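Comments concern the structure below.
The values are calculated or read from the model by the stated rules, or taken from the named source; none is laboratory data. Note that the coordinates shown come from a computational prediction; the quantities given were computed from them, not determined experimentally. Don't worry about glycine lacking a Cβ; one is built from the backbone with ideal geometry, like all the others, and counts go over all protein chains shown.
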Amino acid sequence: MRISVIGCGYLGAVHAAAMASLGHEVVGIDVDERKVEALRAGRAPFFEPGLPELLLEAGAGGGLTFGTDIAEVAGARVHFVCVGTPQMAGEFRADLSYVDASVTSLVPYLRPGDVVVGKSTVPVGTAERLAAQLAPTGATLVWNPEFLREGFAVEDTLHPDRFVYGLPTDAEGVATPAGEAAKALLDEVYATPLSDGTPLVVTDYATAQLVKVAANSFLATKISFINAMAELCETAGGDVTQLADAIGYDARIGRKFLNAGLGFGGGCLPKDIRAFMARAGELGVDQALTFLREIDSINGRRRERMVELAREVCGGSFVGKRIAVLGATFKPNSDDVRDSPALAVADMLEKAGAHVVVTDPQGIENARAVRPNLEYEADVLEAVRDADVVLLGTEWTQYRELDPAQLAGAVRGLHVLDGRNVLDPVRWREAGWTYRALGRP
């Protein structure tokens, strides 16, 4: 099938390459000429494991092309809208200008029976408005939210844990004939993962739009819950890691995402829960989501608390102290530094008077672009050389596996702050280090 993908950022580039690898003829459209140039050459414009190989393989087979001219979508039966919905400056609301522009640009090229598939994360009510705009063309809108994890995006696209289709429905909530036809076409696009047994939830527009933000809000709540417990543990003398282990055995709770630390960041979770709150306010049900304000607040407090902990370790002052921060990205296996807790803490430490050196396997260039005031060093041993404190900010595997005895020969002070609660305290203490972490004695 001939498919177009509008927007070739993180979501769109991965989706385009993955759909081409499934045998479809895919054209990706983006207004950024440099990004398109890189993708045409088989180069990923961001770090994502497995994507470069997928781009080269699909491009070599002729099934994947990229361009900047929207006219290249002509002849495609299915059009995926994969553009960003960033947080509006000075507001919690999502900026829908890219989504609106994408749909408007598609209209002249749509034919009756074509399907436009929204994958961007949008406030509930957006799909209904866009469907009305598409109605005169005879094309049908389906809302199909994405659930990608950075670092695992290729796997999550080719082998998703579920599909959600939001279809147009009648007054009784039953899919319209156009909706059923659109579902059949999208089933054809996803035939391979569906044949592998991927669960499919077919629902209405409103529910499909709410699924992604509800999932992100639940995840953020779980992360901030354990970080709130870390605050209590610090006061009461408890150990939040052992607490998480104990409650994680409860099948109703589970152990995943119960690691206390610096909290969440990235380009999705923070802005999505804020946009969710804003939309709830517009709908007059803001009280239903007031708990998300505290979730956001807890998340911010973790960064401030880490700076306080570093100050304690430094004897009450950062003057003359050198701190090595391991990690700049918001999570491992990514070069994404958007709202990165590690980078935010590094910046706060520098502004408080410390000499900060940041290292990261993939994110240094992106970090330097947003925090040029910090010093960067690619080599870990050079980054920690003569450091008074080593702070783990991002749980990259290579940092988790560092030899504390080897590092001891490079630093000036044997103090490690585990911002992610992933290092082995016994191992580090046996090597002579003072080990501190949020929520642990």
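Scanning region 185-241 for residues that are among the small types (Gly, Ala, Ser) and assigned to a helix (DSSP H, G or I) yields ALA191, SER195, ALA206, ALA208, ALA214, ALA215, SER217, ALA220, SER224, ALA228, ALA230, ALA236. Using the structure shown, decide if ALA328 is in contact with a strand residue (DSSP E or B) (Cβ under 8 Å, 6 or more places away or on another chain) and closer than 29 Å to PHE218 by Cβ. So ALA328 fits the description; yes.
Checked against the criteria, ARG279 counts as crowded, with 19+ Cβ neighbours inside 10 Å, over 26 Å from VAL345 (Cα atoms) and not assigned by TED's automatic domain parsing to the domain that holds PRO425.
Looking at GLU350, GLU308, just one residue is acidic (Asp, Glu), in contact (Cβ under 8 Å) with a residue 24 or more places away in the chain and surrounded by fewer than 24 Cβ atoms within 10 Å (Cβ to Cβ), and that residue is GLU350. Listed by first and then second residue, the pairs linking a residue in region 42-58 that is of a type in the set (Phe, Trp, Tyr) to a residue that is at pLDDT below 95, with Cβ atoms under 7 Å apart and 6 or more places separating them unless they lie on different chains, are PHE46/TYR10. Taking ASN366, is it of a type in the set (S, T, N, Q) and in a helix (DSSP H, G or I)? Answer is yes for this residue. When restricted to residues that are farther than 24 Å from ALA132 by Cβ, aromatic (Phe, Trp, Tyr) and not assigned by TED's automatic domain parsing to the domain that holds ALA280, region 176-232 contains 1.
None of VAL313, VAL337, VAL325 is out of contact with any helix residue (DSSP H, G or I) (no Cβ under 8 Å at 6 or more places or on another chain) and either at positive phi or aliphatic (A, V, I, L, M) (or both) except VAL313. If you go through region 259-306 and keep only what is under 16 Å from GLY125 (Cβ atoms), assigned to a helix (DSSP H, G or I) and not small (Gly, Ala, Ser), you end up with ASP272, PHE276, MET277, ARG279, GLU282, ASP286, LEU289. Among the residues of region 242-276, the one identified as in contact with a Cys (Cβ under 9 Å, 6 or more places away or on another chain) and either of a type in the set (Lys, Arg) or crowded, with 22+ Cβ neighbours inside 10 Å (or both) is ALA260. So, LEU374, is that one under 28 Å from ALA236 (Cα atoms) and either of a type in the set (Lys, Arg) or under 26 Å from the mean Cα position of the chain (by Cα) (or both) or not? Answer is no for this residue. Looking at GLU53, GLU91, GLU72, just one residue is within 23 Å of LEU186 (Cβ to Cβ), surrounded by fewer than 18 Cβ atoms within 10 Å (Cβ to Cβ) and among the acidic types (Asp, Glu), and that residue is GLU72. Looking across region 132-171 at every residue that is of a type in the set (Gly, Ala, Ser) and surrounded by fewer than 22 Cβ atoms within 10 Å (Cβ to Cβ), the one that is nearest to ALA182 (Cα to Cα) is identified as GLY138.
Here is a yes/no grid of residues against (1) over 21 Å from the mean Cα position of the chain (by Cα); (2) more than 17 Å from ALA94 (Cβ to Cβ):
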{"position": "GLY248", "(1), (2)": "yes, yes"}
{"position": "PRO270", "(1), (2)": "no, no"}
{"position": "ARG274", "(1), (2)": "no, no"}
{"position": "LEU292", "(1), (2)": "no, no"}
{"position": "ARG303", "(1), (2)": "no, yes"}
{"position": "MET306", "(1), (2)": "yes, yes"}
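For region 411-436, enumerate the residues that are assigned to a strand (DSSP E or B) and out of contact with any Lys or Arg (no Cβ under 8 Å at 6 or more places or on another chain).
Those that are assigned to a strand (DSSP E or B) and out of contact with any Lys or Arg (no Cβ under 8 Å at 6 or more places or on another chain): THR434, ARG436.
Checking each residue in region 337-363 for being part of a helix (DSSP H, G or I) and either of a type in the set (Lys, Arg) or modelled with pLDDT under 95 (or both) picks out only LYS351.
Take region 36-47 and flag every residue that is in contact with a helix residue (DSSP H, G or I) (Cβ under 8 Å, 6 or more places away or on another chain) and surrounded by fewer than 24 Cβ atoms within 10 Å (Cβ to Cβ). Talk me through it step by step, then tell me what you get.
The first filter runs over region 36-47 and keeps only residues in contact with a helix residue (DSSP H, G or I) (Cβ under 8 Å, 6 or more places away or on another chain), leaving 39-40, 42-46.
The answer is ARG40, GLY42, ARG43, ALA44, PRO45, PHE46.
Only one of LEU243, LEU210, LEU219 is under 16 Å from the mean Cα position of the chain (by Cα) and at pLDDT 95 or above; which? Answer to the check: LEU219.
The listed residues are SER334, SER317, and the only one of them that is of a type in the set (S, T, N, Q), assigned to a loop (DSSP other than H, G, I, E, B) and buried (at least 24 other Cβ atoms within 10 Å of the Cβ) turns out to be SER334.
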